[in-house]
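Note sheet for the following structure.
The values are calculated or read from the model by the stated rules, or taken from the named source; none is laboratory data. Since the structure is predicted, the reported quantities are computational estimates derived from the model, not experimental observations. Here the Cβ positions follow ideal geometry from the backbone for every residue, glycine too, while neighbour counts run over all protein chains shown.
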Amino acid sequence: MKSIVITGTRKGIGKALAEHYLNAGWQVAGCSRGDSSIDHQAYTHFSLDVSDEEAVIKMARTLKKQFGKVDALLNNAGIASMNHALLTPASTVNRILQTNVVGTFLFCREMAKLMRGTQAGRIVNFTTVAHPLNLEGEAIYAASKAAVESLTRILACELAELTITVNAVGPTPIETDLIRGVPSDKMDALLARQAIQRMGDVNDVINAVDFFLRDESDFITGQVLYLGGVC
């Protein structure tokens, strides 16, 4: 049975991804700051902050004992804050960078160690169309995801010798807690800049992730796939 680690599985896209792979017969290990919202015999939950190095290492050690190996990692956990740069406190900057950049790096580092020897390890990081679209009010969030994209490309080179691919998917806005506070006029302006002018849904994300995880995708690495089209 294949095993997959997904961060941020309590709700939204992360929970949908976990349920998708459970239904596909995978062993799934998920995490969030809170308790589990998924009840399935093949699901293991860890309550932690993804930027807590000690907690991530402990989770990896537990998975090594429980699963023996990890086949795939989805770095879904992320936070955003929509503010003008002049109104953004350092506490918000640090919180976003810790979760989105440090958390992604720690999980890539620790789970890649558990992929050695699988001959087909897969890492999919999460970015956003806010980066290439240079969205106003999203300076720190977009910057954090730009860092994730750079990390993705460099890790793709570093981990290739271990037969681990590293790619990223950048969803368009999807109805989750991450965007519910965004004013409708700003959301309409964002959608107007996409080639396909509609909100995304979790099935769009699942389709992209499935593509990266396929056995046939072993020659695809260091790529960033934006959904909806960036114009």
Selection count where residues are modelled with pLDDT of 90 or more and among the hydrophobic types (A, V, I, L, M, F, W, C), scope region 189-210: 5
Any pair with Cβ under 8 angstrom, 6 or more apart, that starts in region 187-210 at a residue that is among the β-branched types (Val, Ile, Thr) and ends at one that is at pLDDT below 80: Val202/Ile174; Val205/Ile174
Residue list for region 215-231, filter: in contact (Cβ under 8 Å) with a residue 40 or more places away in the chain and either part of a loop (DSSP other than H, G, I, E, B) or loosely packed, with under 15 Cβ neighbours inside 10 Å (or both): Asp215, Asp218, Ile220, Thr221, Gly222, Gln223, Leu227, Gly228, Val230
Evaluation of Ser91 against (1) farther than 25 Å from Asp210 by Cα; (2) at pLDDT below 85 (one fails), failing number: (2)
The listed residue being closer than 26 Å to Phe105 by Cβ and among the acidic types (Asp, Glu), out of Asp201, Asp210: Asp210
Residue in region 84-97 that is under 17 Å from Ser144 (Cβ atoms) and among the charged types (D, E, K, R) present: yes
Hits in region 56-85 - residues which are at pLDDT below 95 and of a type in the set (Ser, Thr, Tyr): Ser81
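Only helices (runs of 4 or more DSSP H) wholly contained in region 127-214 count here; list those with 1 or more residues that are touching a His at 6+ places or on another chain (Cβ under 6 Å) and charged (D, E, K, R).
Numbers: elements: 139-159, 184-191, 202-213.
Qualifying helices (runs of 4 or more DSSP H): 139-159.
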Matching residues in region 2-50 - criterion: being surrounded by fewer than 24 Cβ atoms within 10 Å (Cβ to Cβ) and at positive phi: Gly12, Gly25
The listed residue being surrounded by fewer than 23 Cβ atoms within 10 Å (Cβ to Cβ) and in contact with a strand residue (DSSP E or B) (Cβ under 8 Å, 6 or more places away or on another chain), out of Gln98, Gln66, Gln119: Gln66
Whichever residue in region 51-60 is within 17 Å of Gly30 (Cβ to Cβ) and of a type outside the set (A, V, I, L, M, F, W, C) and, among such residues, is surrounded by the most Cβ atoms within 10 Å (Cβ to Cβ): Ser51
Near pairs, Cβ below 6 angstrom, 6+ apart or cross-chain, from region 64-87 (within 20 Å of Asn100 (Cβ to Cβ) and in contact (Cβ under 8 Å) with a residue 24 or more places away in the chain) to any residue that is polar (S, T, N, Q) and surrounded by fewer than 24 Cβ atoms within 10 Å (Cβ to Cβ): Ile79/Thr99; Ser81/Thr92
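Which is of a type outside the set (A, V, I, L, M) and farther than 21 Å from Ala18 by Cα, of Arg116, Arg33, Arg61?
Details: Arg33 fails: farther than 21 Å from Ala18 by Cα; Arg61 fails: farther than 21 Å from Ala18 by Cα.
The unique qualifying residue is Arg116.
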